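This report refers to the structure that appears directly beneath it.
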Amino acid sequence: MEQPVILVSDRSAVRTLTLNRESKLNAANDDLLLTLTDELKRADADPSVRVVVITGAGRGFCAGQDLGDVSGRGMTFTEHLNHTYNPLVRTIRGLSKPVISAVNGVAAGAGASLALAGDVRLWAQGASLIEVFSNIALVPDSGSTWFLPRLVGYHRAFELMALAEKVRAEDALRLGLCEQVFPDETFRDDVQAYAERLATRPAHALKLTKQALNAALTSTLDQALDLEAELQQLAGDHWEHEEGVTAFKQKRPAQFVRST
Ligand code: T3D
């Protein structure tokens with residue numbers, strides 16, 4: 001029987017979506033990309049989910065486009081990107097809940113873009129990232145040209161893309177490509193613990209924070225100040241704010257998770 005391309009599992013308020021084409025280092029075919037996008041939307045709509053984790057089965061995170069699945073697909077490159085990768089990246093960035101890219105192993109090509117696209121990037125010690133596109137004479141896509149220079153600057157991004165050099169976890173941390181590196185042996189448990197901690201934070205405020213940060217990446221200071229003022233009203237009117245202030249005054253931890 002054929003394996004599902006995306007494994008879906010829930011623990012506490014954390015939904016984990018696992019890319020599941022292990023023998024190809026989770027290289028992406030259309031089924032994987034479209035299913036992942038659908039599952040992200042499903043997680044966003046599910047009130048029991050507060051954090052989404054994207055990770056890979058086996059020793060790879062994602063080796064990018066499945067190079068055995070390209071010919072005869074009946075689409076131009078532009079059409080294919082607009083049909084698969086671009087909606088996926090837009091869905092991750094637009095999700096109202098935090099998305100963790102849990103990079104368990106090699107992330108190459110569009111897999112590197114996925115590794116960068118999460119709100120939080122957690123890496124295993126043995127993980128690596130390669131902007132591998134130039135090895136097959138393609139242009140970095142799926143957001144890599146947008147994410148990488150914002151993280152490391154134009155020149156470092158160009159070098160990584162032109163030479164397709166492997167970035168290992170220690171350097172990724174130094175360069176700001178990830179927030180935390182965990183030992184390989186405990187990686188999946190460490191990711192779960194991190195995600196559960198994030199799930200206790202105020203979901204509504206984080207949704208607005210994500211909205212503000214995404215907008216700020218392409219806005220002026222004036223626009224950012226205006227949007228902050230608008231979103232702060234929404235946050236201030238929400239019960240989470242009242243709970244946070246009350247908890248502070250009562251010298252107890254705030255309880256931001258409520259059964260509705
Ligand atoms: O719309 C469009 O099509 C444009 C979009 C493009 C987006 C892209 O992502 S373009 C970039 C595509 N990806 C690549 O070029 C990466 C190719 N893979 C590699 O360079 C290497 O496999 C890695 C550096 C990722 C890992 O190397 P290593 O030595 O750890 O593993 P390996 O032995 O090369 O790979 C293990 C298996 O996975 C192997 O299969 P085998 O020989 O054991 O049967 C290998 O063929 C397979 N595999 C790895 N990457 C891909 C793949 N199979 C198909 N497609 C792959 N991308």
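The values are calculated or read from the model by the stated rules, or taken from the named source; none is laboratory data. In this text, all values refer to a predicted model and were calculated from it rather than measured experimentally. Cβ atoms come from the backbone with ideal geometry, glycine included; neighbour counts cover every protein chain shown. Ligands, DNA and RNA are stripped out before the accessible areas are found, and what is left, the full protein with its side chains, is counted by its heavy atoms. Shrake-Rupley method; radii C 1.70, N 1.55, O 1.52, S 1.80 Å.
Per-residue SASA remark: ARG188, around 120 Å² accessible (1.4 Å probe; ligands, DNA and RNA not included).
Using just its DSSP H runs of length 4 or more, each adding -39500 (n - 2.57), the chain gives a mean residue ellipticity at 222 nm of -14000 deg cm²/dmol after division by all residues.
In what sequence, largest accessible area first, do ASP226, ASP184, ASP66, ASP190 appear using a 1.4 Å probe? Don't skip to the end; give the middle numbers.
On the way: ASP226 110, ASP184 80, ASP66 10, ASP190 45 Å².
Largest to smallest exposure gives the sequence ASP226, ASP184, ASP190, ASP66.
Solvent-accessible area of PHE77, all protein chains in place: 120 Å² (probe radius 1.4 Å, heavy atoms, ligands and nucleic acids excluded). Separation of the alpha carbons by more than 27 angstrom is noted, of LYS41/LYS210; LYS24/LYS97; LYS41/LYS166, for LYS24/LYS97; LYS41/LYS166. 3J(HN,Hα) couplings calculated from phi for segment 249-254 with the Karplus curve 6.51 cos²θ - 1.76 cosθ + 1.60 (θ = phi - 60°) are, in sequence order, 5, 8, 6, 9, x, 5 Hz; Gly and Pro show x. Stokes-Einstein, applied to the Kirkwood radius of the chain over Cα pairs at a viscosity of 1.306 mPa s and 10 °C, places its translational diffusion at 82 µm² s⁻¹.
For segment 1-100, GluC sites (Glu not before Pro) meeting the loop criterion (DSSP other than H, G, I, E, B) and having at most 12 other Cβ atoms within 10 Å: GLU2.
Give the carbon-plus-sulfur fraction of the accessible surface of the chain in %, rounded to a whole number; probe 1.4 Å, heavy atoms of protein chains only. Ligands and nucleic acids excluded, carbon and sulfur reach 53 percent.
Note on the chain: GNM, Cα springs under 10 Å; of PRO202, PRO149, PRO87, the largest mean-square fluctuation is that of PRO149.
The phi torsions of segment 29-37, fed into the Karplus equation with coefficients 6.51, -1.76 and 1.60 and a -60° offset, translate into couplings of 9, 4, 4, 4, 5, 6, 5, 4, 4 Hz, rounded to whole numbers, with Gly and Pro shown as x.
Extension gain, LEU175 to ARG73: 0.36 nm times the residue separation minus the Cα-Cα distance gives 33.0 nm. Ranking VAL257, GLY64, LEU129 by how far each Cα lies toward the positive end of the dipole of the chain (charges on Cβ) leaves VAL257 at the top.
Relative to the longest principal axis of the Cα atoms of the chain, the long axis of helix 85-94 lies at roughly 10 degrees. Label point 7 Å out from ASP38 along Cα-to-Cβ: which residues of segment 1-27 have amide N under 12 Å? Within reach of a label on ASP38: 5-6.
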